[in-house]
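After the structure tokens below, expect a handful of questions from me.
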Amino acid sequence: MRVTEGGVELEVPGEQTEGIEEAVFYNPRQELNRDLTIATLRAYREREERATSYLDAMTASGVRGVRAAADGWDVTCCDVDEEAVDLARANLERNDLAADASVEHRNVTALMHEEPFDVIDLDPYGTPMPFADAAFANCRDLVCVTATDTAPLCGAHFNSGVRSYSAVPRNTDYHAEMGVRILVSALARSAARFDVGIEPILTHATSHYVRTYLELTHKPTAADAAIDELGHCYHCEDCLYREADPGLIADPLETCPHCDGNRMLTAGPVWLGPVQDPTFIGAVRDEIPYTFDTAPEARELCDTLAAELDEPTHYDQHKLCRNWGVPANAMDEFLADLRAAGYEASRAHYGGTTFKTDASVGEIRAATEGNLD
Ligand SMILES: [Zn+2]
């Protein structure tokens, strides 16, 4: 079938359906991810002018590489699958971009070790961790990472999460954010092996994947600073109390300081530091033209991300109210009550009823219960 995306035209195998079977080469559900990638690359070029080369490390249909080449990047597309390589070449030719990009049919880890790139984009099916070391060892400026294994990342497939990310993920009410923070933690530790520090400048999670953009600093002290952002999260399964504890050595809570319950979980090491750079996200938002199909959604996502508080976990208003046995009120009213009581509060991008605050679970209830009955 033929698809048009972001001004380029692509031929991809499969029929125009919402099915999963053709997703190996072209996944229509990832169009938002790709539109944001292009806008991020545009904003990043303004931030770091030396950045010119872009590696689409798992190119499949070549859609990312074609779109980046159309934007003037010096593109390399790579795939181990011969059919993918043929498809990527044909799609570059179809858009008169064959001279602007090279297509490599090989193991991308070997390629990354041989040739440095300014920007590396890892977009594998499942966990990106098998490719992370080579990317951090050889990328100059920006590593873009997609992880689609959300069940391992959030602790729902516990053993798989432990194996892939060398961390303990726990299934909580903020499961998508658990995935974000387990992923960024593992990436920070991978980068640190090469004396590289990471700074996440844009991160988003949807129901099907986590995406993060990591700016690199090649200095041992920057790697140390990134490791200093790691820590643990202690979580009460009964009252949803949670506490972040910086440092690589955990000191788990045996009983909950709020409800005295003993159903406490410990997750970590997780990334406790910021996962967004609001100024950069503002620049990304400005680079999303309305010719992109997902522009309204992508711009709204940028607005929410830029306004999100720097708290390592979020709450879900409906889950809290269900736990308290009270009906939920309107989100804006709920957040206004928190602010009126002197706390910071913002919506979160993880869902329409999710929010972030510096108030504890007990403080949230005290600040809002007057309007919850
Ligand atoms: Zn508790």
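The values are calculated or read from the model by the stated rules, or taken from the named source; none is laboratory data. Fair warning: this is a prediction, and the values are worked out from it, not measured in the lab. Cβ: placed from backbone, ideal geometry, glycine included. Neighbour counts: every protein chain shown. Ligands, DNA and RNA are stripped out before the accessible areas are found, and what is left, the full protein with its side chains, is counted by its heavy atoms. Shrake-Rupley method; radii C 1.70, N 1.55, O 1.52, S 1.80 Å.
Name every residue in the range 84-97 that is touching a residue at least 12 places away in the same chain (Cβ under 8 Å) and in a helix (DSSP H, G or I), in order of residue number. Step through it out loud before you land on a result.
As a first pass, look at the range 84-97 and keep what is touching a residue at least 12 places away in the same chain (Cβ under 8 Å): 84-85, 87-92, 94-95, 97.
Listed by number, the residues that qualify are Ala84, Val85, Leu87, Ala88, Arg89, Ala90, Asn91, Leu92, Arg94.
Do you know which residues across the range 44-75 are open to solvent by 10 Å² or more (accessible area, probe 1.4 Å) and part of a strand (DSSP E or B)?
Once the filter is applied, which keeps residues that are open to solvent by 10 Å² or more (accessible area, probe 1.4 Å) and part of a strand (DSSP E or B), the range 44-75 yields Ser53, Asp74.
Evaluate the range 303-323: report whether one residue or more is farther than 21 Å from Ala366 by Cβ, more than 16 Å from the ligand (Cβ to nearest atom), assigned to a helix (DSSP H, G or I) and open to solvent by less than 20 Å² (accessible area, probe 1.4 Å). Before you say what the answer is, go through the steps one by one.
From the range 303-323, those farther than 21 Å from Ala366 by Cβ are 303-308, 310, 312; that's our starting set.
If we keep only those that are more than 16 Å from the ligand (Cβ to nearest atom) as well, we get 303-308, 310, 312.
If we keep only those that are assigned to a helix (DSSP H, G or I) too, we end up with 303-307.
Filter again for open to solvent by less than 20 Å² (accessible area, probe 1.4 Å), leaving 305.
Yes: the range 303-323 contains one or more residues that are farther than 21 Å from Ala366 by Cβ, more than 16 Å from the ligand (Cβ to nearest atom), assigned to a helix (DSSP H, G or I) and open to solvent by less than 20 Å² (accessible area, probe 1.4 Å).
Now a separate question. Please go through the range 318-336 and give me each residue that is touching an Asp or Glu at 6+ places or on another chain (Cβ under 9 Å) and more than 18 Å from Tyr241 (Cα to Cα), ordered by number.
Correct list: Pro327, Asn329.
Check whether at least one residue in the range 213-227 is over 30 Å from Phe117 (Cβ atoms), in contact with a Lys or Arg (Cβ under 8 Å, 6 or more places away or on another chain) and in contact (Cβ under 8 Å) with a residue 24 or more places away in the chain, and report yes or no. So that I can check it myself, show each step before the final result.
Here is the first cut: in the range 213-227, the ones over 30 Å from Phe117 (Cβ atoms) are none.
Checked against the condition, which is being over 30 Å from Phe117 (Cβ atoms), in contact with a Lys or Arg (Cβ under 8 Å, 6 or more places away or on another chain) and in contact (Cβ under 8 Å) with a residue 24 or more places away in the chain, the range 213-227 yields no hits at all.
Next question. When you scan the range 252-267, how many residues do you find that are among the small types (Gly, Ala, Ser) and either farther than 9 Å from Tyr234 by Cβ or within 11 Å of the ligand (Cβ to nearest atom) (or both)?
Filtering the range 252-267 for residues among the small types (Gly, Ala, Ser) gives 261, 267.
Of the ones still in play, those that are also either farther than 9 Å from Tyr234 by Cβ or within 11 Å of the ligand (Cβ to nearest atom) (or both) are 261.
The number of residues fulfilling the criteria is 1.
To continue, here is another question. Those residues that are open to solvent by 20 Å² or more (accessible area, probe 1.4 Å) and within 14 Å of the chain's Cα centre (by Cα), I need them from the range 173-220; list them, please.
His175, Ala176, Glu199, Thr206, Ser207, His208, Glu215
List pairs: first residue in the range 244-258 and over 16 Å from Ala226 (Cα atoms), second residue within 16 Å of the ligand (Cβ to nearest atom) and basic (Lys, Arg) anywhere in the structure, Cβ distance under 9 angstrom, at least six positions apart or on different chains.
Pairs that qualify, where the first residue is over 16 Å from Ala226 (Cα atoms) and the partner is within 16 Å of the ligand (Cβ to nearest atom) and basic (Lys, Arg), are Cys256/Arg263.
Pick out the one residue from Ala359, Ala341 that is in contact with a helix residue (DSSP H, G or I) (Cβ under 8 Å, 6 or more places away or on another chain) and surrounded by fewer than 17 Cβ atoms within 10 Å (Cβ to Cβ).
Details: Ala359 fails: surrounded by fewer than 17 Cβ atoms within 10 Å (Cβ to Cβ).
Sole residue among the options that is in contact with a helix residue (DSSP H, G or I) (Cβ under 8 Å, 6 or more places away or on another chain) and surrounded by fewer than 17 Cβ atoms within 10 Å (Cβ to Cβ): Ala341.
Can you tell me which residues in the range 221-249 are open to solvent by 40 Å² or more (accessible area, probe 1.4 Å) and of a type in the set (Gly, Ala, Ser)?
Hits for the range 221-249 are Ala225, Ala244.
Would you pick out the residues in the range 341-360 that are in a loop (DSSP other than H, G, I, E, B) and not polar (S, T, N, Q)? Steps first, please.
Start the filter on the range 341-360 by keeping residues that are in a loop (DSSP other than H, G, I, E, B), which leaves 341-344, 348-353, 358-360.
Within the range 341-360, Ala341, Gly342, Tyr343, Glu344, Ala348, His349, Tyr350, Gly351, Gly352, Asp358, Ala359 meet the criteria.
Another question, if that's okay. So which residues in the range 62-81 are out of contact with any strand residue (DSSP E or B) (no Cβ under 6 Å at 6 or more places or on another chain) and of a type outside the set (A, V, I, L, M)?
Within the range 62-81, Asp71, Gly72, Asp79, Asp81 qualify.
Scanning for something part of a helix (DSSP H, G or I), free of Cβ contacts under 8 Å to residues at least 24 places away in the same chain, within 23 Å of Thr172 (Cα to Cα) and within 16 Å of the ligand (Cβ to nearest atom), does the range 333-340 turn up at least one residue? Step through it out loud before you land on a result.
Applying the first criterion (part of a helix (DSSP H, G or I)) to the range 333-340 yields 333-340.
From what is left, the residues that are free of Cβ contacts under 8 Å to residues at least 24 places away in the same chain are 335-336, 339.
This time we only want the ones that are within 23 Å of Thr172 (Cα to Cα), so: 335.
Checking which are within 16 Å of the ligand (Cβ to nearest atom) leaves us with none.
No: the range 333-340 contains no residue that is part of a helix (DSSP H, G or I), free of Cβ contacts under 8 Å to residues at least 24 places away in the same chain, within 23 Å of Thr172 (Cα to Cα) and within 16 Å of the ligand (Cβ to nearest atom).
So which residues in the range 238-249 are over 19 Å from Leu183 (Cβ atoms) and more than 8 Å from the ligand (Cβ to nearest atom)?
Listed by number, the residues that qualify are Glu243, Asp245, Gly247, Ile249.
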